[in-house]
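*Asks:* Take a look at the following structure, please.
The values are calculated or read from the model by the stated rules, or taken from the named source; none is laboratory data. Quantities reported herein were computed from a predicted structural model and do not represent experimental measurements. Cβ coordinates were reconstructed from backbone atoms using ideal geometry, including for glycine residues, and neighbour counts include every protein chain displayed. Accessible surface areas use protein heavy atoms only, side chains included; no ligands, DNA or RNA. Shrake-Rupley method; radii C 1.70, N 1.55, O 1.52, S 1.80 Å.
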Amino acid sequence: MTVTREFPPSWKTVDLDQYRPTLVDTPAVVLAHDRTKVAGGWADPTSPSLDFLRDRISLEHNGPIFVDDNDRPLNPAGPTGRAGRILGKWGPNLAADPIVLRRGVADSLEMLAIERKDTGAWAIPGGMVDENEDAQTAAARELHEECGAVVDFASAHIIYRGVVAKDPRNTDHAWMETTALALLLAPNIAQTIEPKAGDDARRAKWMTLDDASVENFYADHGTFVRAAVAWANTQP
Ligand code: RP5
């Protein structure tokens, strides 16, 4: 049982009698892919249920899914001011983020980055983990779909596992969680990769990492990339 009927510790400071989150609209594309209504659907039905929540886990501290008295899962990173669901699943929506680095000129670091079509922000070429897929496989698949690069993540370093707190689609009841994985490619391998944008990417490139570029990354990606750079700087 991975469900617990209590509020996450991060909610303890909230005065729930006064808390009035805004109810969001669930996008039509999510409703159209309700797996209880259409074959091959990837979205949960309109109401959350312990039936499917209890089979899931939260990457945040590898913990349980906290639910309220109405069986609504509660964002472990704290209240967002928004109720309901924008993402496909109630509770955690699992993603993988492949951070692929190489050394550039004067020992600067460069990363395979994409410009997202939805917000226009530069980002790690990540995406959703499919059913029965592990984070390493999803990271390699997403990198290939969005950048055209073929890289094996089996030995990648785990930089982060948990809620993507600044993803603009998060609500109190449905939120993004990710596994961010970093690799520092050897120069002879890195030079064979010519990024080519695909899928959700408008552009793809080797981006030189400096304070300004990292600062403007999508959601929490700047934080993940900074941690990956710190790790890469410890590598031979
Ligand atoms: C972010 O959204 C994750 O860090 C990941 O990069 C991304 C997954 O969503 P899509 O790119 O599939 O929209 O929160």
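*Asks:* Rounded, prolate or oblate: which fits region 127-236 when a ≥ b ≥ c are the square roots of the eigenvalues of the alpha-carbon gyration tensor, with rounded for a/c under 1.5 and prolate only if a/b beats b/c?
*Replies:* It is rounded, given that a/c, with a ≥ b ≥ c, falls under 1.5.
*Asks:* To the nearest 20 debye, what is the magnitude of the charge dipole of the chain about its Cα centre, counting +1 on the Cβ of each Lys and Arg and -1 on the Cβ of each Asp and Glu? Display every interim value, and only then the final one.
*Replies:* Details: 24 positive and 35 negative charges, 41 e Å.
Dipole size: approximately 200 debye.
*Asks:* Still on this structure, please answer the following. Given contacts defined as C-alpha pairs under 8 Å and at least six residues apart, what's the relative contact order of the chain, whole-number percent?
*Replies:* 22 percent
*Asks:* Looking only at Val151, Val164, Val14, which one moves most when the chain is put into a Gaussian network model with springs between Cα atoms under 10 Å?
*Replies:* Its mean-square fluctuation being the largest, the pick is Val14.
*Asks:* Right, here's the next one. Quick one: with all protein chains in place, what share of the accessible area of the chain is carbon or sulfur, to the nearest percent (1.4 Å probe)?
*Replies:* Carbon and sulfur: 51 percent of the exposed surface of the chain.
*Asks:* Given a 10 angstrom Cα cut-off, can you work out which residue in Asn132, Asn170, Asn70 is the most mobile in a GNM of the chain?
*Replies:* For the chain, modelled as a Gaussian network with Cα springs under 10 Å, the answer is Asn132.
*Asks:* Would you mind counting up the charge near Ile114? Only other residues with Cβ under 12 Å from its Cβ, with Lys and Arg at +1 and Asp and Glu at -1.
*Replies:* Net charge in that neighbourhood comes out at -2.
*Asks:* Still on this structure, I have one more. With runs of 4+ DSSP H residues as the only contributors, calculate the mean residue ellipticity of the chain at 222 nm using -39,500 (n - 2.57) per run, divided by the residue total and rounded to the nearest 500.
*Replies:* Counting only the DSSP helices, I get -4500 deg cm²/dmol.
*Asks:* Do the alpha carbons of any pairs in Lys89/Lys166; Lys12/Lys166; Lys89/Lys205; Lys117/Lys205 sit beyond 22 Å of each other, and which pairs?
*Replies:* Lys89/Lys205
*Asks:* Please report the antiparallel percentage of the DSSP beta bridges confined to the chain, to the nearest 5.
*Replies:* In the chain, DSSP labels about 55 percent of beta bridges as antiparallel.
*Asks:* Between Asp199 and His33, what length in nm is gained on full extension when 0.36 nm per residue of separation is reduced by their alpha carbon distance?
*Replies:* 57.9 nm
*Asks:* Could you tell me the accessible area of Arg141 in Å² (1.4 Å probe, neighbours in place), rounded to the nearest ten?
*Replies:* About 60 Å², rounded to the nearest 10.
*Asks:* Kindly express, to the nearest 10 degrees and within the range 0 to 90, the angle between helix 135-147's C-alpha long axis and the longest C-alpha principal axis of the chain.
*Replies:* Long axis of 135-147 versus the principal axis of the chain: about 60 degrees.
*Asks:* Kindly express, to the nearest 10 degrees and within the range 0 to 90, the angle between helix 221-232's C-alpha long axis and the longest C-alpha principal axis of the chain.
*Replies:* 50 degrees
*Asks:* In region 73-179, what % of DSSP beta bridges are antiparallel (nearest 5)? All intermediate terms of the calculation are to be shown ahead of the outcome.
*Replies:* Details: 10 of 16 bridges.
Approximately 60 percent, going by the DSSP bridge assignments.
*Asks:* Before I look further, what does region 1-143 give for accessible area per residue, probe 1.4 Å, in whole square angstrom?
*Replies:* Accessible surface, normalised per residue, equals 50 Å².
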